[in-house]
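Written below as structure tokens is the structure these notes are about.
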């Protein structure tokens with residue numbers, strides 16, 4: 001079979017102020033019609049650069065050598081105008097974040113039609129009809145009506161469907177999907193994976209899948225290429241990669257993946273159930289006020305739970321379920337509207353900021369994206385010292401230096417990192433620094449909001465290992481918010497499941513994750529892809545039955 005894409009001895013170097021950086025070093029890959037090739041590896045392995053070379057979506061400081069043969073043409077040697085004709089017609093891209101891939105000021109129908117009209121003489125009527133057709137094919141309900149809607153009127157999963165529709169509009173031979181499900185909840189992710197499977201099976205398209213989620217690979221891929229330091233270290237069919245990996249790096253990558261149900265934290269007898277809870281919620285309500293006479297939005301509706309000293313409560317659910325809203329209310333960043341929410345003995349419903357301010361130093365907060373939560377103008381030392389200075393524990397960051405060094409040691413970061421700026425650290429290093437900052441004041445309570453969702457599996461494993469070690473040693477209570485149920489199972493003593501603002505199930509991690517009682521929890525757990533192609537196929541069938 002003639003490959004749709006044939007990459008031969010590809011090399012990509014970037015010219016930087018520090019000299020030449022080799023991102024891709026002698027990569028050879030091919031993709032056949034109707035096949036899904038997954039390229040996996042950690043950040044910086046060269047997987048995204050290799051895939052983007054197919055569309056020549058590289059910055060000006062990139063130097064490319066080798067061959068990338070697409071539909072009989074070597075795209076490395078095409079001119080800019082020739083390359084514009086290839087994009088969309090022969091190869092299309094599905095980006096990681098649909099919100100940034102879509103233009104907010106144009107309707108989705110206009111954006112689909114734009115690509116059609118750029119590649120041929122198509123009338124407005126014909127382009128609109130084609131836009132409606134592809135929106136229907138990717139599962140957008142009422143496509144004739146939704147074609148005139150703007151991106152903000154679609155949910156995250158629907159926006160990703162629109163991006164896939166744009167990629168399919170010109171019937172390209174191959175689609176490059178760069179982390180297409182990373183930003184999605186597990187239930188929505190399962191729907192997008194089903195759609196990509198249809199793109200392969202029904203439309204016969206080849207797919208190059210870039211991901212660090214090994215469960216997604218097991219669910220969708222036919223073949224897998226494992227990259228490390230710009231090289232392909234192993235290639236094989238998906239069953240061989242998971243059952244008999246040959247390269248040490250592949251084995252390390254698979255070993256770092258948390259597997260649902262196999263690593264459940266159980267600490268029976270360690271926690272004192274008679275102690276006064278650090279957090280107590282009773283019939284908690286949080287309502288966002290409406291605008292222009294519209295009714296308010298009830299984000300949290302009658303939720304009750306406790307978090308005791310030293311306990312980790314995992315809060316899971318889809319986007320919009322209310323889990324982050326609850327975390328922000330506990331930290332005093334969002335107002336609680338009704339019911340009762342007691343945090344460290346202080347009632348948060350109707351609280352005054354002046355009264356709550358002294359308690360803030362007893363609460364740590366780890367944000368989802370440390371790159372945006374750190375001040376880019378401050379060194380890591382200054383960022384870690386900031387809570388100490390604000391709360392009067394140190395005069396300035398120099399006076400706080402001994403404590404800063406203790407914190408860096410605690411999260412296993414070298415002390416010389418104190419002089420670096422946030423952009424000089426990797427994602428996992430920044431997240432460990434973020435954890436150190438949250439613990440700077442020895443809090444009694446930690447709120448961690450999706451702290452590992454953007455990390456590679458091996459980096460995530462290191463961050464979770466540090467978190468477990470510190471939580472066991474320091475004994476702070478934790479609200480751990482996540483949509484990754486395998487991670488929650490590793491860390492949490494108890495799990496609460498939120499659905500549309502209501503707590504539908506709560507209990508010990510071992511019970512909730514092994515024997516869920518509520519239908520929504522069952523669907524949520526079945527939607528989680530596991531790193532085993534055989535088991536994942538049976539889970540996919542079980543999910544289809546639950547949906548039915």
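The values are calculated or read from the model by the stated rules, or taken from the named source; none is laboratory data. All values reported here derive from a predicted model rather than from experimental measurement. Ideal geometry is used to build each Cβ from the backbone, glycine not excepted, and the neighbour counts take in all protein chains shown.
For this structure, a couple of remarks:
- Answer from 455, 441 - the residue that is in the same structural domain as residue 361 (by TED's automatic domain parsing), outside any helix (DSSP H, G or I) and surrounded by fewer than 21 Cβ atoms within 10 Å (Cβ to Cβ): 441
- Subset of region 53-94 [touching a residue at least 40 places away in the same chain (Cβ under 8 Å) and over 24 Å from residue 120 (Cα atoms)]: 53, 58, 59, 61, 62, 63, 64, 65, 66, 67, 68
- Test: residue in region 82-91 that is closer than 20 Å to residue 210 by Cβ, assigned to a loop (DSSP other than H, G, I, E, B) and at pLDDT 90 or above: yes
- Out of 207, 192, one residue alone is over 19 Å from residue 32 (Cα atoms), surrounded by 22 or more Cβ atoms within 10 Å (Cβ to Cβ) and touching a helix residue (DSSP H, G or I) at 6+ places or on another chain (Cβ under 8 Å). It is 192.
- Screening residue 510 against (1) under 23 Å from residue 428 (Cα atoms); (2) modelled with pLDDT under 90 leaves a single unmet condition, (1).
- So residue 56, is it at pLDDT 90 or above, touching a helix residue (DSSP H, G or I) at 6+ places or on another chain (Cβ under 6 Å) and more than 25 Å from residue 188 (Cα to Cα): yes
- Exactly one residue among 464, 474, 470 is under 21 Å from the mean Cα position of the chain (by Cα), closer than 30 Å to residue 410 by Cβ and surrounded by fewer than 22 Cβ atoms within 10 Å (Cβ to Cβ), and that residue is 464.
- Being modelled with pLDDT under 90, under 31 Å from the mean Cα position of the chain (by Cα) and surrounded by 12 or more Cβ atoms within 10 Å (Cβ to Cβ) is a property that residue 290 lacks.
- The number of residues in region 123-136 that are loosely packed, with under 14 Cβ neighbours inside 10 Å and in a helix (DSSP H, G or I) comes to 2.
- Among the residues listed as 157, 139, 115, the single one being part of a loop (DSSP other than H, G, I, E, B), surrounded by 16 or more Cβ atoms within 10 Å (Cβ to Cβ) and either at pLDDT 90 or above or in contact with a helix residue (DSSP H, G or I) (Cβ under 9 Å, 6 or more places away or on another chain) (or both): 139
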